[in-house]
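The values are calculated or read from the model by the stated rules, or taken from the named source; none is laboratory data. Everything numeric in this text was worked out from a predicted model, so none of it was measured. Virtual Cβ from ideal backbone geometry, glycine too; neighbours counted across all protein chains shown.
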């Protein structure tokens, strides 16, 4: 039991480190000041992720002002108000968290995403590459990053979704052991779609 607890705590620490390493401290510019037509053009042709109407079995994250997402009701809170984090009580090591940062105008959204990918590659030992996909997330341009890394000789898969809203960057990070990811996929998809 101690080994499982130790792995869970280590995984929480690594996920928090991953979020920090994505460049949350960078300042950047984004969609602010764009007209509705410009924003619509930015998301034209991108894969569409739309929030599900039925969120039965999911709980709304009330801890972060300005944005929302839902997490499975069986997840327990292990974070704090400025960095909410939840861990799955049934699948060892599975977790989700949300961070935000203010931004002036030093980077474009794409520049911020590129800097985040570079930060991940420089600070983490990544298996393969960081896959980047731009998506239409509830009518807003977002970036979805996917990569794997090793945690105590086990492969961990991480998915991060980055959005800009009201002069802030928000990063939703979902992680779990790669062997469990097929089971986590439906939960992960529902959490990503609820992110707005």
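A few points about this structure:
- On the stretch given as segment 63-84, residues that are touching a helix residue (DSSP H, G or I) at 6+ places or on another chain (Cβ under 7 Å) and within 25 Å of residue 49 (Cα to Cα) total 4.
- Here is the figure for segment 131-141: residues that are more than 13 Å from the chain's Cα centre (by Cα) and crowded, with 19+ Cβ neighbours inside 10 Å total 1.
- From the list 144, 190, 157, the one residue that fits, being modelled with pLDDT of 95 or more, outside any strand (DSSP E or B) and under 15 Å from the mean Cα position of the chain (by Cα), is 190.
- Residue that is nearest to the chain's Cα centre (by Cα) [pool: residues in segment 66-91 that are free of Cβ contacts under 8 Å to residues at least 40 places away in the same chain and assigned to a strand (DSSP E or B)]: 86
- One residue stands out in segment 87-111 among those that are touching a strand residue (DSSP E or B) at 6+ places or on another chain (Cβ under 9 Å) and modelled with pLDDT under 90: the one that is farthest from residue 77 (Cα to Cα), namely 109.
- Flag for residue 185 being farther than 17 Å from residue 42 by Cβ and buried (at least 19 other Cβ atoms within 10 Å of the Cβ): no
- Residue match in segment 122-136 (condition: farther than 21 Å from residue 177 by Cα, modelled with pLDDT under 95 and either out of contact with any strand residue (DSSP E or B) (no Cβ under 9 Å at 6 or more places or on another chain) or assigned to a strand (DSSP E or B) (or both)): yes
- Only one of 100, 116 that is surrounded by 16 or more Cβ atoms within 10 Å (Cβ to Cβ), on the phi < 0 side of the Ramachandran plot, touching a residue at least 24 places away in the same chain (Cβ under 8 Å) and not in a strand (DSSP E or B): 116
- Of note, residue 38 does not satisfy the criterion of being within 24 Å of residue 176 (Cα to Cα), exposed (fewer than 15 other Cβ atoms within 10 Å of the Cβ) and at pLDDT below 80.
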